[in-house]
Amino acid sequence: MQRSSIAKAITLASATGLMLIGAQAQAQDTFEWKLVTSWPKNFPGVGQGPERLAKLVEEMSDGRLTIEVFGAGQLVPGFEVFDAVAEGTAQMGHSASYYWKGKAPAAQFFAAVPFGMNAQEMNAWLHYGGGLELWNELYDDFGVEVMAAGASGVQMGGWYNKEINSVADLDGLKMRMPGLGGEVMNRMGVAIVNMPGGEIFTSLQSGAIDATEWIGPYNDLAFGLHQAAEYYYYPGWHEPTVMFEAIINDDALAELPADLQAILRSAVRDVNQDVLDEYTARNNDALATLINEHDVQLRKLPDDVLAQAQEISAEVVQELADSSDIAGRIYESYREFQDKVVNYHAISEQAYYNARNPDGGTSLGQE
Ligand code: CA
């Protein structure tokens with residue numbers, strides 16, 4: 001009996017020891033990930049998001065998880081980021097969900113909805129209104145997990161090589177504008193062309209396109225778009241923000257120990273806020289530079305253009321909502337949240353903006 005107990009005790013001790021060694025080995029495992037993006041390497045604003053993410057994760061994990069960031073075209077083209085992550089060519093990606101409308105049309109709801117929610121409102125819907133759960137349900141079929149990873153804030157209406165005084169002036173223009181906004185412009189007589197950011201400047205300068213939108217003054221100045229078109233229009237009705245996305249291959253994520261998963265999620269959440277902060281800080285100065293140093297002509301989009309864009313946007317968004325069960329559920333959640341937040345923001349954010357700046361004026365440019 002005694003010998004048997006001792007033998008059992010020894011067996012148990014060995015097994016425990018092995019388990020401890022196993023746990024220790026797992027905690028010391030290192031992971032080297034690749035992150036592909038749809039942006040030029042190190043681009044200001046949106047391109048800084050993944051760079052910050054990689055740095056944070058390496059520091060927080062004491063080097064156990066390192067992430068190498070690739071700009072568009074370095075490992076895969078900008079529009080193949082989603083496939084690369086789904087197939088495991090890269091463990092992670094940073095992009096915008098409306099680029100995947102060919103695979104999952106409803107993905108467009110999570111990037112930008114014309115006349116829809118701004119950055120503050122989108123973040124609230126995604127993180128406290130069920131939006132992120134729906135986004136993950138949509139991507140689940142592809143073996144990809146998604147998190148919000150930055151916002152641009154309200155974008156600019158775009159660059160035009162001529163003045164736009166009414167809807168009629170849009171007719172026949174060739175323009176780069178992605179997502180639902182592009183479809184709206186298409187129905188307003190504009191021929192819409194899609195291309196990754198890195199190709200915009202050359203296309204505008206060569207005359208292959210007559211107009212483009214990109215992001216806002218900070219990024220547009222960096223691309224030199226003022227050297228290719230003179231008129232800079234606002235507001236970006238088509239993109240009241242773009243939410244950028246971090247996408248992670250499900251299998252790669254599952255291989256990480258729980259603490260590294262927590263570090264990764266925490267770092268993405270940090271980046272989500274940081275990208276918006278950078279845009280908020282830089283856009284005004286960049287716009288002043290565009291106007292004062294590069295003689296850019298700042299213009300507000302004509303009222304009839306905005307009114308028609310709003311009317312057609314409602315049709316385009318409804319058609320998308322009607323296109324599938326999940327699109328319908330996403331839009332129902334989105335619209336319900338927007339209705340509520342607009343209702344409250346009427347007497348909070350909006351009332352405050354109006355009280356702070358009653359004539360809505362700006363010291364920049366001219367109308
Ligand atoms: Ca844009």
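Here, each number is a calculation from the coordinates, and none is a lab measurement. Note that this is a predicted model, so its numbers are computed, not measured. Every residue, glycine among them, receives a Cβ derived from its backbone with ideal geometry; neighbour counts consider all protein chains shown.
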Cα-based helix-to-principal-axis angle, 325-345 vs the chain, degrees rounded to 10: 70 degrees
Separation of alpha-carbon centers, the range 81-105 and the range 126-168, rounded to whole Å: 14 Å
Overall dimensions of the range 54-155 by Cα: Rg and Dmax, Å: 14.6, 43
GNM top mover of Gln338, Gln28, Gln48 - the chain, alpha-carbon springs below 10 Å: Gln28
Anchor Lys174: lysines whose Cα lies under 26 Å away (excluding residues fewer than 8 positions away in-chain): Lys101, Lys103, Lys162, Lys300
Under 19 Å from Lys340, Cα to Cα: lysines that are on another chain or at least 8 residues apart: none
Directionally averaged shadow of the range 219-306, computed from the convex hull of its alpha-carbon atoms, nm²: 8.1 nm²
Pairwise FRET efficiency - Glu59 versus Asn165, Cβ, R0 = 51 Å, nearest 0.05: 0.45
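Exactly which trypsin sites (Lys or Arg not before Pro) in the range 132-217 are in a DSSP loop and have at most 11 other Cβ atoms within 10 Å?
Values: sites: Lys162, Lys174, Arg176, Arg187; in loops: Lys162.
Listed in order of number, the matching sites amount to none.
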Residues Met195 and Ser323, FRET efficiency given R0 of 22 Å [Cβ-Cβ distance, rounded to 0.05]: 0.35
Spin-label pair Gln261/Met188, simplified geometry with 7 Å Cα→Cβ offset, distance in nm: 4.5 nm
Given charges at beta-carbon only (K, R positive; D, E negative), |dipole| of the range 46-107 in Debye: 240 debye
Potential extension, Gln273-Thr289 segment - 0.36 nm per residue separation minus Cα distance: 3.2 nm
Label-point gap, in nm, between Tyr344 and Leu364 - each point 7 angstrom along Cα→Cβ: 2.9 nm
Gain in span if fully extended, Tyr128 to Thr66, counting 0.36 nm per residue against the direct Cα distance: 19.3 nm
Residues His226, His294, sorted so that the one with the fewest Cβ neighbours within 10 Å comes first: His294, His226
Cα centroid separation, the range 273-297 to the range 220-236 (Å): 11 Å
At 1.306 mPa s and 10 °C, Stokes diffusion of the chain via Kirkwood alpha-carbon radius, µm² per second: 72 µm²/s
